[in-house]
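Since the structure comes first, as structure tokens, the remarks are kept for the end.
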Amino acid sequence: MMFQSRRSILKMGGALIAMAALPLRALANFVRNDAAFTATGMDDTFAALGAEPMDSADIVVGSPDIAENGSVVPVEISTTIPGATRIMIMVEKNPNPLSAVFEIPEGTKAAVATRVKVSQTCQVYGVVEANGKFYKASKETKVTLGGCGG
Amino acid sequence: MAGRIRVRASLKGDMCEVKALMRHPMETGMRKDPQGNQIPAHFITEVVAKVGDRVVMQAHWGAAVSQNPFLGFEFSGAKAGDEVAISYVDNKGETGAGSAKIK
């Protein structure tokens with residue numbers, strides 16, 4: 001009896017700890033790769049992701065040829081690679097290339113659109129993870145006014 | 001203070017097209033104010049979109065996503081009248097939310 005109650009107290013304690021830890025990662029059930037977000041340069045970013053992406057013709061990177069304002073550059077990445085579960089946007093010459101990681105659940109189209117800052121004329125990469133493998137494609141965006149301000 | 005997210009969701013055939021606009025400064029932490037003081041980083045780190053309990057999109061963002069971020073995506077298996085709810089959390093722990101019924 002005594003042991004039983006001790007066990008239930010332990011269980012309660014465990015549940016409390018789990019609840020206390022929840023708000024930190026309340027929204028998503030996948031883990032942020034901080035190392036990849038703070039990596040500088042494409043090679044370091046790929047290394048932090050554990051990726052050696054292959055060039056792919058099945059990724060479409062939609063970004064303007066010339067962006068007048070680098071702080072608001074519309075980027076669309078879509079892919080027809082089967083089993084794509086993750087789409088990443090990387091801007092080659094930004095201080096930290098990795099801009100965004102999109103998790104694509106089943107039933108959601110492997111296509112995302114957003115707007116990113118591009119510090120100077122460079123390649124904008126769409127990187128796709130499918131079945132544990134990485135693929136990439138890129139497109140040059142010319143920037144007439146840099147996107148990192150100040 | 002919780003921020004607001006403007007959400008639009010419309011059916012295009014059997015796909016639901018979602019467009020969301022968040023109001024957020026998305027400071028990189030690398031800019032300086034006119035007095036030369038560093039402006040601290042303040043940016044959305046996570047975004048999740050749900051229909052009921054079903055997660056239809058989730059994202060991790062860095063500071064390179066533009067100010068007042070836009071997010072567009074499409075998913076299948078929803079019907080008119082379902083509610084798409086989107087929420088974010090930023091690097092200061094502030095949150096934002098918004099939702100819309102699918103048209």
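Which cross-chain or sequence-distant (5 or more) residues have an amide H under 5 Å from the amide H of A:A39, H modelled 1.01 Å from N in plane?
Residues meeting the criterion, in which the H sits 1.01 Å from N, do not exist here.
For the stretch A:31-143, with equal point scatterers placed on the C-alpha atoms only and solvent neglected, what are the log10 I(q)/I(0) values from the Debye formula at q = 0.13, 0.18, 0.24 1/Å, to two decimals?
Values, matching the q order: -0.43, -0.84, -1.44.
Calculate the spin-label point distance for A:I81 paired with A:A113, positioning each point 7 Å from the Cα along the beta-carbon direction, and give it in nanometres.
2.3 nm
For the stretch A:78-86, what does the Karplus curve 6.51 cos²θ - 1.76 cosθ + 1.60, with θ = phi - 60°, yield as ³J(HN,Hα) per residue in whole Hz, taken in order and with x for Gly and Pro?
9, 8, 10, 5, x, x, 5, 10, 8
Which one of B:G36, A:T79, B:A49 is farthest out on the positive end of the charge dipole of the protein assembly as shown, using unit charges on Cβ (Lys, Arg +1; Asp, Glu -1) and the Cα centre as origin?
B:A49
Starting from the Cα of A:V72, step 7 Å toward the Cβ, then list every residue of the stretch B:1-33 with an amide N under 14 Å from that point.
B:21-26
For a label point 7 angstrom out from the Cα of A:A48 toward its Cβ, which stretches of the stretch A:59-90 have the backbone nitrogen within less than 17 Å?
What the label zone holds, given the 17 Å backbone N cut-off, is A:87-90.
Just to compare against my own numbers: the Cα pair-distance distribution for the protein assembly as shown, 10 Å bins, whole % per bin, please.
With 10 Å bins starting at 0, P(r) equals 7, 29, 34, 19, 7, 3, 1, 0.
Run the dipole for the stretch A:31-143 about the Cα centre, Lys and Arg Cβ at +1, Asp and Glu Cβ at -1, nothing else charged, and hand back the magnitude in debye, nearest 20. Could you put the intermediate results ahead of the total?
Numbers: 10 positive and 14 negative charges, 44 e Å.
Here the size comes out at about 220 debye.
With +1 on each Lys and Arg Cβ and -1 on each Asp and Glu Cβ, how big is the dipole of chain B about its Cα centre, in debye rounded to the nearest 20?
Dipole about the Cα centre, nearest 20: 300 debye.
Under 16 Å between alpha carbons: how many lysine pairs meet that in the stretch A:31-143, if sequence neighbours fewer than 8 apart on the same chain are excluded?
Qualifying lysine pairs in the stretch A:31-143: 5.
Could you give me the ³J(HN,Hα) list for the stretch B:25-40, computed from phi with Karplus coefficients 6.51, -1.76, 1.60 and θ = phi - 60°, whole Hz, x at Gly and Pro?
x, 6, 6, 7, x, 9, 8, 10, 7, x, 7, x, 7, 5, 8, x
Quick one: putting +1 on the C-beta of Lys and Arg, -1 on the C-beta of Asp and Glu, what dipole do you get for the protein assembly as shown around its Cα centre, in Debye to the nearest 20? Intermediate results must be reported in sequence, preceding the final value.
Working: 28 positive and 25 negative charges, 190 e Å.
Here the size comes out at about 920 debye.
Where in the stretch A:46-85 does the label zone of B:R54 land, with the point 7 angstrom along Cα→C-beta and an amide N cut-off under 20 Å?
A:83-85
Report the label-to-label distance for A:T40 and B:E83 in nanometres (one decimal), using points 7 Å from each Cα along the Cα→Cβ vector.
According to this spin-label approximation, the distance is 4.6 nm.
Residues with amide H under 5 Å of A:A67's amide H, sequence separation 5 or more or different chain, H placed in the peptide plane at 1.01 Å from N; which?
Hits under the 5 Å cutoff: A:K142, A:V143, A:T144.
Since every read-out is calculated from the coordinates, none of them should be taken as a lab result. Since the model is a prediction, treat every value here as computed from it, not as a measurement. So basically every Cβ, Gly included, is an ideal-geometry build from the backbone, and we count neighbours across all protein chains shown.
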